[in-house]
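Below you'll find the structure, written out as C-alpha cells, and then a few comments.
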Amino acid sequence: MSRFSEVKDLILSLEGDFEKFYEKGNQAAGTRVRGGMQALKTLAQEIRTEVQNLKNETK
C-alpha cells in the first residue's frame, strides 16, 4: 500500500498549484502542475509494471 500512498501524496502536493492555476491564472503554477502530472504518469506506469510482474509470478 506504500505505492498507493505515494500516488495520494503526489496528488495532494499538487492541490495548491491546481487552485493557483485554475482559479488565479498563475502560469508558474501551471508549469508545476504539468511537471507533477508527468511524475504521476511515470509513477502510474511503474506501479502498473510492478503489478503485472507480481501477477505473472503467481502463475
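The values are calculated or read from the model by the stated rules, or taken from the named source; none is laboratory data. Just so it is clear, the structure is predicted and the values come from calculations on it, not from any experiment. Here the Cβ is made from the backbone with ideal geometry for all residues, glycine too, and neighbour counts use every protein chain on show. What goes into the accessible areas is simple: the full protein's heavy atoms, side chains included, and nothing from ligands, DNA or RNA. Shrake-Rupley method; radii C 1.70, N 1.55, O 1.52, S 1.80 Å.
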Cα-based count: Lys pairs in the chain below 27 Å, eight or more positions apart or different chains? 7
For the chain, with +1 on Lys and Arg beta carbons and -1 on Asp and Glu, the positive-most of Thr49, Asn26, Gly16 along the dipole: Thr49
Can you work out the accessible area per residue across the chain, with the rest of the protein chains kept in place, probe 1.4 Å, in square angstrom? 80
Suppose only helical runs count, i.e. DSSP H with n ≥ 4. What mean residue ellipticity at 222 nm does that imply for the chain under -39500 (n - 2.57) per run, divided by all residues and rounded to the nearest 500 deg cm²/dmol? -32500 deg cm²/dmol
For the chain, state what percent of all Cα-Cα pairs lands in each successive 5 Å bin, counting from 0 Å until the bin that includes the largest distance. 4, 18, 22, 18, 13, 10, 7, 4, 3, 1, 0
I need to check one value: relative contact order of the chain, counting alpha carbon pairs closer than 8 Å and at least 6 residues apart, in percent. 32
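Charges at C-beta only: +1 for Lys and Arg, -1 for Asp and Glu. How large is the resulting dipole of the chain about its Cα centre, in Debye rounded to 20?
Working: 10 positive and 9 negative charges, 40 e Å.
Using only the charged Cβ atoms, the result is roughly 200 debye.
Could you please report the charge total around Gly36, scoring K, R as +1 and D, E as -1 over all other residues with beta-carbon less than 14 angstrom from its beta-carbon? Could the numbers behind the result be given before it?
Details: positive: Lys8, Lys20, Arg32, Arg34, Lys41; negative: Glu6, Asp9, Glu15, Asp17, Glu19.
Net of charged neighbours comes to 0.
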Of the accessible area of the chain, computed with a 1.4 Å probe and all protein chains kept, carbon and sulfur make up a percent value of 56
